[in-house]
Structures are given as C-alpha cells and as structure tokens.
1. Go through E109, E709 and list them by solvent-accessible area, largest first, probe radius 1.4 Å.
2. Considering only protein heavy atoms, what per residue accessible area in square angstrom results for the stretch 693-764 with a 1.4 angstrom probe?
3. How large are Rg and Dmax for the chain when only the alpha carbon atoms are used, in Å?
4. So what's the net charge close to I405: Lys and Arg +1, Asp and Glu -1, counting the other residues with Cβ under 11 Å from its Cβ?
5. Using 0.36 nm times the number of residues separating S701 and E146, minus their current alpha carbon distance, what extension gain do you get?
6. Would you compute, from DSSP H runs of 4+ residues alone, the mean residue ellipticity of the chain at 222 nm, taking -39500 (n - 2.57) per run and dividing by the full residue count, rounded to the nearest 500?
7. Provide the solvent-accessible area of E692, counting protein heavy atoms only and rolling a 1.4 Å probe, rounded to the nearest 10 Å².
8. Once you list every other residue whose beta carbon is under 14 Å from the beta carbon of T6, what net charge do they have if Lys and Arg are +1 and Asp and Glu are -1?
Amino acid sequence: MRRLSTDQLRKSYLDFFVSKGHKLFKSDSLVPANDPSVLFTSAGMNQFKDRFLGKVRDVKRATSCQKCFRTGDLEQVGQTPFHHTFFEMLGNFSFGDYFKVEAIQWAWEFVTDVMEIDPARLWVSVYDDDAEALKIWHKTMGLPPEKIRKFGQKDNFWPSSAITDGPNGPCGPCSEIYYEKEGGDSVEVWNLVFTQYNRADGGVLEPLPNKNIDTGMGLERMSSVLQGVDSNFKIDCFVPIVEAVRKSVDISEERILCTIADHARAVAFCICDGVLPSNDGRGYVVRKLIRRCLYLAGDAHHAKPFLYKIISSVADSMKEPYPEVLERRDNIAQIIKAEEEKYIKNILEGGSEKLAVILELLKAEGSSNLPAQTGLDLYVTYGIQPEFTKDYFEKAGVTVDMARIDELIRQEQDKSRMTSKMSCAIFSGSGVVLKPSRFVGYESDSCRAKVIQIVKDAAEVREAAVGQKVGIVLEETPFYGESGGQVGDVGTMACKGLKIVVRDTKKQDGASVHLAEIEGPSGTLSVGDVVEAQVDAAHRQAVKRAHTATHILQAVLRKVLGAHVQQAGSFVEPDRFRFDFTHFKDISDEEMEDIQGLLNAYVIRNDKIDSRTMSKAEAQKTGAIALFGEKYEDTVRVVSVGEYSKEFCGGTHADGTGRIGLVLITQESSVGSGLRRIEALTGKLAFDHLMEARRTLEEASDKLRTKPERLLAGLDAQSRKLKALEKDLLRLQEKTLASDVEEMVKKGRRVKDIVVIEHQFKNADIGFLRRCVDLLKGKVASAGIFFLSGQKDEDVYFVCGVTQDVAQKGLAVDALLKKTLSAFGGSGGGRRDFAQGGLKDISKTEAVFKEFGRLIQEVL
C-alpha cells in the first residue's frame, strides 16, 4: 500500500480520472450557485446538478475534489474517528456516458493498482436487487462471493430508502468499497451510485433514458487508510490543526480538541467562501460553530478568544489545494475574533445574570422545566447558544427541551429571511432547458436578434399573444441579466408592430431571460421572429453610475480603513447602492468624512474606466480584487478605475468617474460581527436628496427666525431655554413628591411582616418613578416593597423596589416584575432590589396592580 500525503492522494485521484477522459473541474464554492434547495454544498454532485438533469450538455465525464459542509451529524464530530462538518469529497461522474462496468473497473483499478491496497483487505457491498452490479463484481472483476455482501435499500440505495419513503425523482442502487482494518473493523472508502431510475408515486421505478454515474470517496477517510492511522484527525493535514488547538486551550480531552479542530477548519472555509457569522441561514451555522467552540473550551465566565489563533494552522495545512485561505488568513482570523469577543461580552455582561434571574423565577414557581420560548429569547436577545442554556439549567436540575428550542429558532429564521424581490420563480422547477445567449451589451444598448425560446407559466411555448407575461430568450442580447449584485436591465422589444415591454432581465443556466409583457396592439410573438431590442438608456446609465461608485468606494475604504477591507456583498440599482464589507470596529465621524471626501474627489477627477478580459491567473497577477467567496471561470473580466481600483467584474460601468456626478453616503451601520454596510445615492438621486435637505434646512431656519448658517446657534439657545424650564418643573415636582410620599406611606398595607406601598401617577416618566422609590426607601428603612406606575403619552411605566433586608431574604423584584408584566404582554428587568418595565396599553394598568398583589401574597 502506498504511503501518500493527503495532497498527493488528491492529485493522484484527479490525475487518474483525467487519464480516463474526464474533464477536471475545480471545487465549487461551499455556497451552492443557483440551487436554493440546499444550504451548503454537501456532495460532489451538487455543482453538476444541471448536467445530471440534462440542462447543460457540455461534457460527458467529469472529476473533482469538492469542498463539502454538512451539519446533520454535528453531535458525532469528535466522538467518532470519521465524522466532520467540513470535508473533501473526491468524485468521478458520468452524464449519460459510461455506466456500471467502467465505474466498477476504474474504482477497483485505482484502489488496488494505483493505491496498491491489498485486495485481501477489501470487500464490497451491492444493493440486494442489483444483479447487474453483483455479476460485474463476481464475473468481471473476479471477487469471490464471500467478498460481496448484499444490503437493502436503507444502506445501498440512493437516496436511502427512496423506494418506500421517497422522494420522487432520479435515484438508483449503489455499491460501496470497504477496507478491513487490523482489528477486523471495516471502513467505507468509496460509494458508487448508479442513477438509473426515476422514482414515481407509489414507489414505482421507471428506467431513465440516460443513466448517470455519481461516485464519492472521502478524502480524509482514504488518507487515514493510506497513512495507517485509526482516525481522520491523525492524518497529515489535521495533526497541525489539532496541535494548534491543544496549545490554545487548557483541555486534555482528545474528543474536544478534535471537535474544535474540525470546527476551526469548517469556519475558515465558510468565511473564505463569503459566509459570515449572522443570525440567519448559513451565517447562523457559522456563528453556531464558533460559539460551540467557545462553549466546549470551558467556563464562559473566564473565556478568552482563541479560535482565531487556529486559522493560521488551517491555512498552512490547506495551502496547496486552497491558496485563497492562506491569502485571506488574517481577514478570516479577524472576523472570527470579532465574533468571539462579541459572544464573550454578551455572556459576561448580561447573559449569565439573565440566566440566574430566570432560574430564580422558575424556582419561585416550583417549575423544573425551562419554557422553549425562553430558550429562544435567550438566543435572539443575548446570543446565548442553546447548548450553553441547556448546560446551565440542567446543572441546576431544570429540564431543557433542545429539540423544541431548535425548532423555534428555525421558525424565527424563516420569518426573518428575506426573499429576493427580483424572483425568477417563472422558471423554478419548471424542467425547461434554457438555451444560452450571447451578451452584446458592453458594446451597445440595442441590437437585432432572433427569438430562440419563449417560456410561459413554467413551460416552453412556441408563441405569445398580446397581454401575456412571458420569459423571452434571444440569440444575442444587449440586456444585462441580474447578477453580481447588479439589477437587470429594462427596456423594450419591437417586432411585427408589437410592442414588448421588458420589466426585468435574469441570468439563468447561461441564458439571459427577459421577463416581458406583450403589449400589442395586436398579433403574436413567435420563436424564430427577429426583434429590435432596446435597453432603457436612462435606467442603464443610472445603474452604471451606482455600480462604478461601489468600485471606487472599496478602494477608498481600503485606503482610509486599511487593506483588511473586503467586499462581502452589494446590491446595485439605479442611482442607489448598498455595499457590505469586512471591518472590525465602529467607523468614526472623522473616518466617514474622509471616506465621503475622497470618494467624491475621485469622481471629480473624471478618471478613466477601462475593462479587459484575461485569464484568471493573469488577473490575479495584476492585483485585481476578487469578491469574497465568489467562484470565477478561467477567463474573467477585469474593470480598472484610474490607478486605484482593479476588480474582477462582469457588470456594466460608466466611461469615466465624472459621469457619476455625485456620491452621497446616507447610512453606515453594522450588519454582523466584523461586517458593516454603507448605503449611498449617486447622480440624480443624490442631487435630489441634497435639495430636499436644503429645503428642510431653510424651513427649520424660518421657524427659528434665523438664517441657515445660524441654525445651530439658534437650536443651542432654544435647548438651553428648554433645559431651564425642565429644571423648574422638576423642582415643582420634587416639592409635590415629598408630600405624595408621606401620603403613600400612610396608605401602605401590611402583608405578613412587610409594608407594601402601591401608587399610580398620572403624568410621570421612569426617572420620576425612580426618585420616588429612593424617597420611599428613606421613609421606610426596612421591611418595605414599593410598586409604582406612571403614564407618559400612550405608555405606562412600572418600577418595583424593596428595602435591602427584604432583598437579602431572597425576594428578587426583577423576576417578580417580569412575571407580573409578562402576563399582559409587557417586559421588565433589573436587579434583585430594583427593577423597571413597561406596557404599551394604559388600560391594563389596574389589572397589572391586581396581578402584582396576587403574586405578593404567593411569594411572602
């Protein structure tokens, strides 16, 4: 058996299948392109989905080593030698070309001849009804019957148990190759899937006209076999990462060290592919893994960021196949560190205290079960991972329903997840194979072109009549299809007296699809017709201004804030854009002024904008910046602005920066750990915004009877007058309050040995109520509970305080107030001796006091 490094194994496998006539494909991104059905790329076949479905017919054979990410077995990671979140999958694929014979022959050849694994240590499995595969293994390959085992559809059919349980769609039997280790245990090293059926309702298997091959060999698992180790975590590319974890945390348990090493690798690759920590979708998974590492590393009260230190080891171990991780190592580490610091801060500055309050409240109620909704609130409000919540409460004897909490979190994410407003649902799941079209819009806003396809109601049609909404594909088109964050072009087409209004343009499966309405006056549009296609020039110019401004902005941000800035996403529409970028602290007012100033200085210079098409390797040598996490073809377009900006970009741009006119930043904010967003206007929208601001300034000046340039001085004078009046009012309230307090003390009622004082104020804010509690504590030095409310506009505020001796006896008013108000849709919190809260409904005030009185009777 050959002793190969992981890098050598990867290269050997790919070279072998290239020699068998397969085209080598680079790994796809962990973020699946054009496939909303999966969150992450989880198998080698994902990037070939359209080829399996027959939508793309460019190659018959392919091979790849695919980056994969799965969380289905998260709890098993580190517990077993072979489970991972991130892993690599070697694969060879046939799209209607070779089938079982070649797949089996080549798999056996690679394992026994190229890898030189002793056949005596190997055995195979087949689906129990797959007589064809059984015959090939026995008759053609010469394996004895005892080396071939039959299994049912649960183990040897893909998808597992598809015949009985579904889903409908392409499926087929599979055959697996196993390696038998010294102790007699076996490990699966290769799975050959023979996609030969379409599963229909009732479990009916219909033969597919084109049979496909989809194989998968776990790179790490085969490496462990070749390197003679009993765990994937002991192979050459994992050992340095595990050791880096060992040096960074005070943990000796190998299981935890391996789990953290796995998660560090997974997080690094996700962030490198543009998935940043957040509370939604893919970002939530990344955030969960980072926080899980902190949780596994020990006591949150003494936690320190450490995971970011592991990234250097990850990048170094994976640098040969994935140099982009090494290139972005520092940036990835900074993002992780910012997320770690945020989580630790949340736990130490509110999270743990909040858990303690909830625990006391549960004890007061005599409950031993944590409500799942509370677990959700702890996650959403404080960022406390459910695992941490579970551990904390179960140590105190409280049961936590993790399954229900996870379900509520998923529901919350589904509610908050925004879907694209530019939906291409007209084609989703339609089965229509779109025909490729050539984009000529860099050179011209118009052209004559033949209609090669019409789609209506998710089906291909030959013609479209007046009043119908359809998707139109042209042989060539000047219309830019939405991609790269830039909206699609709009405009018109004309043919045989028909006016066709293009409302949007989408890119899908290599085609530019014009979402259009046939407006008439009469007739039909047919496949084969030639149309005059005309882009709306004003719309396009406005989009160009905004898109070019994003390129200038990135260059400015890198100059003002530092070279760590990387674009993390954008959305460009006519004279408006938003731009997300990596940065790890707030941007100061001075920095924002510098950014705004330099941005427009570059615009005023009217620098030239140039675009060139070149190889990806050549573009990288020029220093062109690629979008974080984006996958590019071997040939790319590079857009240069002056001497300061050079980016990979397929979008449309202005001819010179002066065409932008003006860039006005309207908002800057944080949208996640280490991620910020700038929103801005360009051209006419920027001008209109400034004119509206000027009108507002002049109106405000008129109201203060001053000039615009004296407005701030006038506001300062008015502010001083207002503060003086507020002080006078406060002095009057204080005088009245002293007598009010005397009266409240007299009306206090006794509950057991405690004086309970309750009062409702008609017009009082939270500050007034706090002062009142302080005065009451001065009058009632011991054995006192105070519950007050005050109305202000449409809101009602509540405060609850106790004397120190009552708090020391165990009565926590923060828990008491929260329980009181939660029954009426309100909220509250604070300390054991003082708490405050509020409601939006004044009419419930009496009911709140009644509930408070009932609870006091229970707890005293």
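The values are calculated or read from the model by the stated rules, or taken from the named source; none is laboratory data. Keep in mind it's a predicted model, so treat the numbers as computed, not measured. So basically every Cβ, Gly included, is an ideal-geometry build from the backbone, and we count neighbours across all protein chains shown. These area figures cover heavy atoms from the full protein model, side chains too; ligands, DNA and RNA do not enter into them. Shrake-Rupley method; radii C 1.70, N 1.55, O 1.52, S 1.80 Å.
1. The ranking, largest first, comes out as E709, E109.
2. Details: 5820 Å² over 72 residues.
Here the per-residue accessible area is 81 Å².
3. Expressed in Å, the Cα Rg and Dmax of the chain come to 33.4, 104.
4. -3
5. Values: separation 555, 0.36 × 555 = 199.80 nm, distance 9.43 nm.
Contour length minus Cα-Cα distance gives 190.4 nm.
6. Values: 26 runs with 327 residues, N = 860.
That calculation yields -12000 deg cm²/dmol at 222 nm.
7. 100 Å²
8. On the way: positive: R2, R3, R10, K11, K67, R221, K234, R265, K319; negative: D7, E88, E220, D236, D316, E320.
In short, +3.
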